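Scroll down for the structure; my scribbles are underneath it.
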Amino acid sequence: MTTRYRVEYALKGLLAVPFVLHSQPTVQYKEHSRSLAHIAEISHKRYVEIMRDVETLINDHIVHQNDGSIGRSKLKLLVPAVGTFFTPLLLEEAFKYQDQQRFISHRRFVPPSFNDIRLTLNTAQLMGLVNASKVELLTFDGDVTLYDDGASLTEDNPVIPRIVHLLHQNKKVGIVTAAGYTEAEKYAERLHGLLDAIHKSSELVDAQKNSLIVMGGESNFLFKFDASSPVLLTYVERSEWLLDEMKSWSEEDITELLDVAESALRDCVSNLNLPAAILRKDRAVGIYPLDGKKMHREQLEETVLVAQQIVEMSEVGRRLPFCAFNGGNDVFVDIGDKSWGVLACQRYFGGIARSKTLHIGDQFLSAGANDFKARLACTTAWISSPAETVQLLDELAVLEEDK
Ligand code: IMP
Ligand code: MG
């Protein structure tokens, strides 16, 4: 389970206590009465205290993380699998903000939910980033983060002016997607709305336009914005961006790993009687539904877990990083993962720090999700729709203006 997910569940549990103690769904009083406001005030105070305590716990953990005494972190004792924090999380302030947006403390019947916590953590992360330094690189997942699943980034997408604004602020932008194609045309087709807007923009200078890159197949194919290309994207040779560790991934190992994964997927198709076909690519192998068919969540998740376990247990699976994930209506096993993808983007732009990078994605559950690996390489925000991505970028812009 990822750190963020664990912390979210733990926070939800912590906030349930004041909710149970202070909410009074059965009392006889009119809505908007003074007593209701009073209860909201008490709940708010208690929730804020809890957020402050957890924030302190994380700050203490960061101190131990930085001076090499991680064994003495209380958070590490409570959550042994806790990962590295690249910035503090301003949970107290973030909760106050989200409470104003979502009226969490005013609710009498519905306790603080998973979504309340997810959004509070996103805000706390943005505040932590802006407070500590400047965000220099934003990486975006594609499907569900920038556009609906399987759709394209068309010119009417409200995320486009926000991304142009990020470039205008001299930030670097990477789209780090699992979608794996070797040709620039395929990405250009899906991202044309954004590419055209950058191309036509009169406010962006060339260096800013050239600050957009696309990393496909998690960490396998890099493309850069290129005004001179007919499709506005050009393939970047691997020699220009591969990290040293990635140079040791041999073609034989890649083929062997994909063979193991393919046979695991074939077994699942037959054992679970899946209405699916196999798709073998250069750096990935997957199953996709036959025409007009859909697979259900349990089938997809079972397939991911089987493929993951079989590859993990193979010898080549111990030599080569890979990512098995549930794409909503398909399952893919990719060579590498988004942590490598984000690290390569950081390096491509001259070595941007993990604490100055934010990855925005929708897949952060550990079993069968691909964005959560990015958490190893940078700070992250977990959104659930393209509209939430837009909202998050607006929140970031306001925080930066206020600073
Ligand atoms: P993402 O959300 O942008 O990471 O895109 C994930 C989706 O890309 C998957 O669910 C697949 O439908 C699609 N896809 C296309 N080619 C590949 C590939 O080579 N590997 C993994 N996913 C792929
Ligand atoms: Mg996605």
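The values are calculated or read from the model by the stated rules, or taken from the named source; none is laboratory data. None of these values were measured; they are calculated from a predicted model. When we count neighbours, we look across all protein chains shown, and the Cβ atoms used for this are built from the backbone with ideal geometry, even at glycine.
Entry remark, region 88-139: residues being among the aliphatic types (A, V, I, L, M), in a helix (DSSP H, G or I) and within 16 Å of the chain's Cα centre (by Cα) number 6 in total. Taken over region 140-159, residues that are in contact with a Ser or Thr (Cβ under 9 Å, 6 or more places away or on another chain), aliphatic (A, V, I, L, M) and either outside any loop (DSSP other than H, G, I, E, B) or closer than 17 Å to A188 by Cα (or both) amount to 2.
Condition check ((1) of a type in the set (G, A, S); (2) over 24 Å from E302 (Cα atoms); (3) surrounded by 17 or more Cβ atoms within 10 Å (Cβ to Cβ)) across all residues:
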site: D226; (1), (2), (3): no, yes, yes
site: S248; (1), (2), (3): yes, yes, no
site: D267; (1), (2), (3): no, no, no
site: L274; (1), (2), (3): no, no, yes
site: L279; (1), (2), (3): no, no, no
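With the structure loaded, tell me whether V342 is within 17 Å of L126 (Cβ to Cβ) and in a helix (DSSP H, G or I) or whether it fails that test. No: the conditions fail for V342. For the subset of region 363-403 comprising residues that are of a type in the set (A, V, I, L, M) and within 15 Å of ligand 2 (Cβ to nearest atom), which member is surrounded by the fewest Cβ atoms within 10 Å (Cβ to Cβ)? Checked region 363-403; the qualifying residue surrounded by the fewest Cβ atoms within 10 Å (Cβ to Cβ) is A387.
Answer yes or no as to whether N122 is crowded, with 16+ Cβ neighbours inside 10 Å, of a type in the set (S, T, N, Q) and more than 16 Å from V398 (Cα to Cα). For N122, the condition - crowded, with 16+ Cβ neighbours inside 10 Å, of a type in the set (S, T, N, Q) and more than 16 Å from V398 (Cα to Cα) - is not met.
Scanning region 18-30 for residues that are out of contact with any helix residue (DSSP H, G or I) (no Cβ under 7 Å at 6 or more places or on another chain), over 11 Å from R107 (Cα atoms) and at pLDDT below 70 gives T26, V27, Q28, K30.
Annotation note: Cβ proximity below 6 Å between a residue of region 174-192 that is over 15 Å from E155 (Cα atoms) and a residue that is within 12 Å of ligand 1 (Cβ to nearest atom) and assigned to a helix (DSSP H, G or I) (sequence gap 6+ or interchain) occurs for V176/K338; V176/G341. Of the residues making up region 303-320, those that are within 17 Å of N271 (Cβ to Cβ) and surrounded by fewer than 17 Cβ atoms within 10 Å (Cβ to Cβ) are L305, Q309.
Residue check: L212 meets all listed conditions (1) surrounded by fewer than 16 Cβ atoms within 10 Å (Cβ to Cβ); (2) more than 16 Å from ligand 2 (Cβ to nearest atom) but one, namely (1).
Residues that are of a type in the set (D, E), touching a helix residue (DSSP H, G or I) at 6+ places or on another chain (Cβ under 7 Å), within 30 Å of K281 (Cα to Cα) and within 16 Å of ligand 1 (Cβ to nearest atom): does region 212-223 have at least one?
yes
Residue-level check: of (1) part of a strand (DSSP E or B); (2) more than 16 Å from ligand 2 (Cβ to nearest atom); (3) over 14 Å from L257 (Cβ atoms), L305 misses just (1).
Residues of region 166-184 being of a type outside the set (V, I, T) and more than 10 Å from ligand 1 (Cβ to nearest atom), which ones?
First pass over region 166-184, keeping only residues of a type outside the set (V, I, T): 166-172, 174, 178-181, 183-184.
Result: L166, L167, H168, Q169, N170, K171, K172, G174, E183, A184.
Going by the conditions given, is V159 within 14 Å of ligand 1 (Cβ to nearest atom), farther than 30 Å from D282 by Cα and at pLDDT 95 or above? Yes, satisfied. Whether a residue is more than 16 Å from ligand 1 (Cβ to nearest atom) and either out of contact with any Lys or Arg (no Cβ under 7 Å at 6 or more places or on another chain) or in contact (Cβ under 8 Å) with a residue 12 or more places away in the chain (or both) was assessed, and Q391 passes this test.
From the list A381, A367, pick out the single residue that is part of a loop (DSSP other than H, G, I, E, B), in contact with a helix residue (DSSP H, G or I) (Cβ under 8 Å, 6 or more places away or on another chain) and among the aliphatic types (A, V, I, L, M). Only one candidate qualifies: A367.
Name the residues in region 345-362 that are within 16 Å of ligand 2 (Cβ to nearest atom) and either outside any strand (DSSP E or B) or over 30 Å from V260 (Cβ atoms) (or both), would you?
Taking region 345-362 and keeping what is within 16 Å of ligand 2 (Cβ to nearest atom), we get 358-362.
Matches in region 345-362: L358, I360, D362.
Can you name the residue in region 322-353 that is more than 14 Å from K373 (Cβ to Cβ) and β-branched (V, I, T) and is also surrounded by the fewest Cβ atoms within 10 Å (Cβ to Cβ) among such residues? That would be I352.
Going by what's in this entry, would V173 be described as away from ligand 2 (no atom under 16 Å from the Cβ), outside any helix (DSSP H, G or I) and surrounded by 20 or more Cβ atoms within 10 Å (Cβ to Cβ)? Before the answer, list the steps.
Numbers: away from ligand 2 (no atom under 16 Å from the Cβ): yes; outside any helix (DSSP H, G or I): yes; surrounded by 20 or more Cβ atoms within 10 Å (Cβ to Cβ): yes.
Yes: the conditions hold for V173.
Hey, does region 333-342 have a residue that's of a type in the set (F, W, Y), more than 30 Å from Q101 (Cβ to Cβ) and within 13 Å of ligand 2 (Cβ to nearest atom)?
Within region 333-342, the first condition is being of a type in the set (F, W, Y), and the residues that meet it are 340.
Cutting the leftovers down to more than 30 Å from Q101 (Cβ to Cβ) gives us 340.
Now narrow it down to the ones that are within 13 Å of ligand 2 (Cβ to nearest atom): none.
No, there is no match, as no residue in region 333-342 is of a type in the set (F, W, Y), more than 30 Å from Q101 (Cβ to Cβ) and within 13 Å of ligand 2 (Cβ to nearest atom).
Of all the numbered requirements in (1) in contact (Cβ under 8 Å) with a residue 60 or more places away in the chain; (2) surrounded by 19 or more Cβ atoms within 10 Å (Cβ to Cβ), D99 misses one, and that requirement is (1).
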